[in-house]
Amino acid sequence: MSASQGILTTINRLFPLWALIFSALAYAFPEGFVQCKTAIVPLLAFIMFCMGLTLSSADFKRVLAQPKTIALGVLLQFLLMPLLAFLIAKFLQLPPQLAAGLILVGCCSGGTASNVICYLAKANVALSITLTLISTLLGLVLTPLLANFYIDAAITVDMISMFLSILKMVIAPVIAGVILHQFLPNMVSRCEPVLPTLSIAAIVFIIAIVVALNQTRLSDLSILVLAAVMLHNMLGLGIAYGLSRLLRLNESDCRTIAIEVGMQNSGLAVALAMKYLTAAAALPAALFSIWHNIMGSLLASFWQQDSSRSANQREDIAPSE
């Protein structure tokens, strides 16, 4: 390993630390980060482009040949997460508006941040992107239905706006990256070592902006809401991973489904709560948007190092020629 590669590896392994440091900075000095809020969409698109550079059309063909894996991810997304939110709200006896906000998070589709975490965790990125797209499209119908069932709230989702957002942030940049990977493989291979570090820098900055934007809401934070959000996210991650293992999916797919199910489109939940419920109901979603990124960064760092250890072990036991 060269010195430059060693430095990049160290930076990547400290991903959770960077996320925590910049979150603290954003909370203490929110003004500068708030002014950068328009950078969130371009930064997400850039990360998705970086991911596209590491993928080929064959990766997506392999994923589409796994309909049962896709079905499992989607079912867990819309069955497990709303039910968990409902049960946690009941168990912790959350006030009605906070309970409604938590449940609304559970009713939403997977978020694009999950794709970034899957990429950094060395999971199945093509599967992650596919699940995000499918759950987002299904969420246009299922999110309002589930919200109505669990919290008796009349909620509608702007289908055109949602599709255009996914087109700008996910579909177009990933396709552009895949095309470059196909036609300029040598150039892409030279850039590939630095792509995870660039993605980490972008997601850390996004987390900081999200913290700054929600600083006033976070000042009203209670231990009860924090406990509810943490439980919801971690149980979603753990149960999805455990069920995937029980069904004997490979490790990469187990990680992907866990991340996809545990990381919700909390930005959508904040917007829907503010529009159809109350400002108080938006608090769980705002906190979730911060917590799931930090938890995701910890998980990605752990799995990234686990993959490196496994690869080293395979090299050690490989017969010499």
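For the options Leu145, Leu184, Leu218, a Gaussian network treatment of the chain with springs between C-alpha atoms closer than 10 Å singles out Leu184 as fluctuating the most. Name the shape class, rounded, prolate or oblate, that the alpha-carbon gyration tensor gives for the chain, where a ≥ b ≥ c are the square roots of its eigenvalues, rounded holds for a/c under 1.5, and otherwise prolate holds if a/b is larger than b/c and oblate otherwise. Judged from the Cα gyration tensor, the chain comes out prolate (a/c at least 1.5, a/b above b/c). With r as the distance between the Cβ atoms of Phe302 and Ala227 and R0 = 22 Å, compute the FRET efficiency 1/(1 + (r/R0)^6) and round to 0.05. In this case the efficiency is close to 0.50. Take the residue pairs Lys61/Lys168; Lys122/Lys168; Lys61/Lys122; Lys90/Lys122; Lys37/Lys61; Lys68/Lys122 and return only those whose Cα atoms are more than 29 Å apart. Exceeds cut-off: Lys90/Lys122; Lys37/Lys61.
In this label model, Leu75 and Ile160 are separated by 3.6 nm, measuring between points 7 Å along each Cα→Cβ vector.
Expressed as an acute angle from 0 to 90° and rounded to the nearest 10, what is the orientation of the C-alpha long axis of helix 125-151 relative to the principal long axis of the chain? Between the helix axis and the principal axis of the chain, the angle is about 10 degrees. For Gln264, the amide hydrogen comes within under 5 Å of the amide hydrogens of Gly111, counting only partners 5 or more places away or on other chains and with H modelled in the peptide plane.
What is the helix-to-structure angle for 282-317, meaning the angle in degrees between its Cα long axis and the longest Cα principal axis of the chain, kept from 0 to 90 and rounded to the nearest 10? For helix 282-317, the angle is close to 20 degrees. Taking other Cβ atoms within 10 Å as a rough exposure proxy, Asp59, Asp306 sort from fewest to most as Asp306, Asp59. Karplus-derived 3J(HN,Hα) values for segment 228-237, using 6.51 cos²θ - 1.76 cosθ + 1.60 with θ = phi - 60°, are 5, 5, 4, 4, 4, 5, 6, 5, x, 4 Hz; glycine and proline are entered as x. Applying 0.36 nm per residue to the separation of Phe91 and Leu198 and subtracting their alpha-carbon distance, the gain on full extension is 34.4 nm. Which residue, Leu80, Leu120, Leu25, tops the fluctuation ranking in a GNM of the chain built on C-alpha contacts under 10 Å? The residue that fluctuates most here is Leu25. For segment 1-51, what class follows from the C-alpha gyration tensor (a ≥ b ≥ c being the square roots of its eigenvalues): rounded when a/c is under 1.5, otherwise prolate if a/b is larger than b/c, else oblate? Here segment 1-51 falls in the oblate category.
Whole-Hz Karplus values for segment 197-214 come out as 5, 4, 5, 4, 4, 5, 5, 5, 5, 4, 4, 4, 5, 4, 4, 4, 5, 10 Hz, taken residue by residue from phi with 6.51 cos²θ - 1.76 cosθ + 1.60 and θ = phi - 60°; glycine and proline positions read x. Remark: segment 29-39, residue by residue, has Karplus-estimated 3J(HN,Hα) of 10, x, 4, x, 6, 4, 5, 9, 4, 6, 7 Hz, where x stands for each Gly or Pro and the curve is 6.51 cos²θ - 1.76 cosθ + 1.60 at θ = phi - 60°.
No lab work stands behind these numbers, since they all come straight from the coordinates. Treat the numbers as computed from the prediction; the structure is a model and nothing was measured. With ideal geometry, Cβ positions are generated from the backbone for all residues, glycine too; neighbour counts draw on all protein chains shown.
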